[in-house]
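No lab work stands behind these numbers, since they all come straight from the coordinates. Nothing here was measured: the structure is a model prediction, and the numbers come from that model. Cβ atoms come from the backbone with ideal geometry, glycine included; neighbour counts cover every protein chain shown.
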Amino acid sequence: MALTDSQIERYSRHIILKEVGGKGQQKLLASRVLIIGAGGLGAPVALYLAAAGIGTIGIADADNVDLSNLQRQVIHFTPDIGKPKVDSAREKIQAINPDVQVRCYHEWINAANIMGIIGEYDFVVDATDNFAAKFLINDACILAGKPYSHGGILQFVGQTITVLPGESTCYRCIFPTPPPKDAIPTCSQAGVIGVLPGVIGSIQATEAIKFLLGKGELLAGRLLMYDALKMKFRDVAINRNPNCPLCGEHPTITEARDELDLLTVCDLEQ
Amino acid sequence: MTITVNGKKTDLPENSGRTIDSLLAELDVSQPLYVTVELNGEILERNAFDATLVATGDTIEFLYFMGGGC
């Protein structure tokens, strides 16, 4: 579909980039991205993808906005406290850009619903805050052949990798099994500097846009690590792991499943 | 013996019997039970930590779980 005059103006700074152009912008407008988690990472991802004119943004989160979220979850405002995060996020996305169609999933993603949901999208962003979800998203995306961006943060450090199923290193290639429950602290236990998800989430949004445009080099096969205290980025090349239980030579994981023993107290409260 | 650990050249006393397990202790690597070890570009199986010897020139990365996002 041709761009309208107003779209040409709105996306003019994209359109003058040779890597985007009018065609690239039309691609973005025809694209569908699912963001799982409307918290610290999900906030910048949703805001930037909305501004960029991603035609359909799905956003999944069962949680409501809490006062303690507002130090970093910049898509939610003080008057949103108590509101479902997906509703709060949808309002901001639509206020930024009425071109975007928003689909809300006011539920926790689990093994029973994830395959159906991710099937509707071109790219998935893992913006979740727990290992049960992170492993489930990785497994489902690999099994469904769905490219996705992984992001993780804690205190002052974050890491992200883009996963192209069957082509590049997956999360389980690096971490074959989840850590035992409570072995690794969460942000609510250990804290997180508010701007950190802004940095990592913005990188995840960049990867989504590059993937959709088919431009540049994706962060695939490389784990990017960021340390805000040292203000250093470092990326480590990581080959696919032939012993990966999911995408290795002899996979033992052949369907999406919930890591029930991993659900934290915080999840169970919901 | 010089190896590269997390991108940094690291000098270690000569020791031909140094395994990945003993390196974890020697460098006081945090979360030794959960750290992923990448040796020269390949992820090393945890059950190989005690049998894999560290050699001069090795490039080793310690990779950590990071579960936050909220």
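Out of every Cα pair in the stretch A:128-269, what percent are spaced more than 27 Å from each other?
Tail of P(r) above 27 Å: 21 percent of Cα pairs.
Report the extension gain between residue A:144 and residue A:111 in nm, rounded to one decimal, defined as 0.36 nm multiplied by the number of residues separating them, less their alpha carbon distance.
In short, 10.6 nm is gained.
I want the local charge near residue A:149. Using Cβ-Cβ distances under 13 Å, sum +1 for each Lys or Arg and -1 for each Asp or Glu among the other residues.
With Lys, Arg at +1 and Asp, Glu at -1, the neighbours total +1.
Could you give the radius of gyration (one decimal) and Dmax (whole number) of the Cα atoms in the stretch A:86-207, in Å?
Calculated on Cα positions, Rg and Dmax stand at 15.0, 43 Å.
Name the most mobile residue of A:153, A:118, A:15, meaning the one with the largest mean-square fluctuation, in a Gaussian network model of chain A with Cα contacts below 10 Å.
Residue with maximal mean-square fluctuation among A:153, A:118, A:15: A:15.
What are the radius of gyration and Dmax of the stretch A:24-151, computed over its Cα atoms and given in Å?
13.7, 40
Give, rounded to the nearest 20 debye, the magnitude of the charge dipole that the protein assembly as shown has about its Cα centre when Lys and Arg contribute +1 at Cβ and Asp and Glu contribute -1 at Cβ.
With Lys and Arg at +1 and Asp and Glu at -1, about 1160 debye.
I want to verify a result. In a Gaussian network model of chain A, Cα cutoff 10 Å, which of these has the top mean-square fluctuation: A:218, A:70, A:260?
A:260
What are the GluC sites (Glu not before Pro) within the stretch A:163-270 that DSSP puts in a loop, where the Cβ has at most 16 other Cβ atoms within 10 Å?
Sparse-neighbourhood loop GluC sites (Glu not before Pro): A:167, A:217, A:249, A:255, A:269.
Based on alpha-carbon positions alone, could you give the equivalent ellipsoid semi-axes of the stretch A:157-214 from the gyration tensor, as √(5λ), descending, whole Å?
Sorted largest first and rounded, they come to 24, 20, 6 Å.
For residue A:16 and residue A:177 in one chain, what is 0.36 nm times their gap in residues minus the Cα-Cα distance, to one decimal in nm?
The span from residue A:16 to residue A:177 would gain 53.5 nm if fully extended.
Taking neighbour counts of Cβ atoms within 10 Å as a proxy for exposure, in what order, fewest first, do A:87, B:28 appear?
Arranged by neighbour count, lowest to highest, A:87, B:28 become B:28, A:87.
Stokes-Einstein at 25 °C, 0.890 mPa s, Kirkwood radius from Cα pairs: D for the stretch A:181-234 in µm² s⁻¹?
It diffuses with D of about 185 µm²/s by this estimate.
Please give the net charge around residue A:14, taking every other residue with its beta carbon less than 12 angstrom from that of residue A:14, where Lys and Arg add +1 and Asp and Glu add -1.
+4
Take the alpha-carbon positions of the stretch A:137-180, form their convex hull, and give its projected area averaged over all directions (one quarter of the hull surface) in nm².
Answer in nm², one decimal: 3.4.
How long are the semi-axes of the equivalent ellipsoid of chain B, taking √(5λ) for every eigenvalue λ of the Cα gyration tensor, in whole Å from largest down?
21, 13, 11
Please report Rg (one decimal) and Dmax (integer) in Å for the Cα set of the stretch A:186-268.
16.8, 41
Name the longest site-free stretch of chain A, where the excluded sites are chymotrypsin sites (Phe, Trp or Tyr not before Pro) in a DSSP loop with no more than 16 other beta-carbon atoms within 10 Å.
A:157-270
Place a point 7 Å from the Cα of residue A:232 along the Cα-to-Cβ direction; which residues of the stretch A:125-169 have their backbone N under 17 Å from it?
Residues passing the 17 Å test: A:156-160.
Summarise the partner chain shielding of B:40-47 as one whole number: the mean count of Cβ atoms from other chains within 10 Å of each residue's Cβ.
4
Once you place label points 7 Å from the Cα toward the Cβ at residue A:5 and residue A:202, how far apart are they in nm?
For the pair residue A:5/residue A:202, the computed spacing is 3.4 nm.
Only Cα pairs under 8 Å and at least 6 apart count here; give the relative contact order of chain A as a rounded whole percent.
The normalised contact order for chain A reaches 20 percent.
Can you tell me which of A:33, A:125, A:20 moves the most in a GNM of chain A? Springs connect C-alpha atoms under 10 Å apart.
Between A:33, A:125, A:20, it is A:20 that shows the largest mean-square fluctuation.
Could you tell me the convex hull volume per residue, in Å³, taken over the Cα atoms of the stretch A:1-90?
103 Å³
How large is Rg/Rh for the protein assembly as shown, to two decimals, with Cα atoms and a Kirkwood Rh?
Rounded to two decimals, Rg/Rh equals 0.99.
Filter the GluC sites (Glu not before Pro) in chain B down to the DSSP loop ones having no more than 14 other Cβ atoms within 10 Å, then list what survives.
Passing sites in chain B are B:14, B:45.
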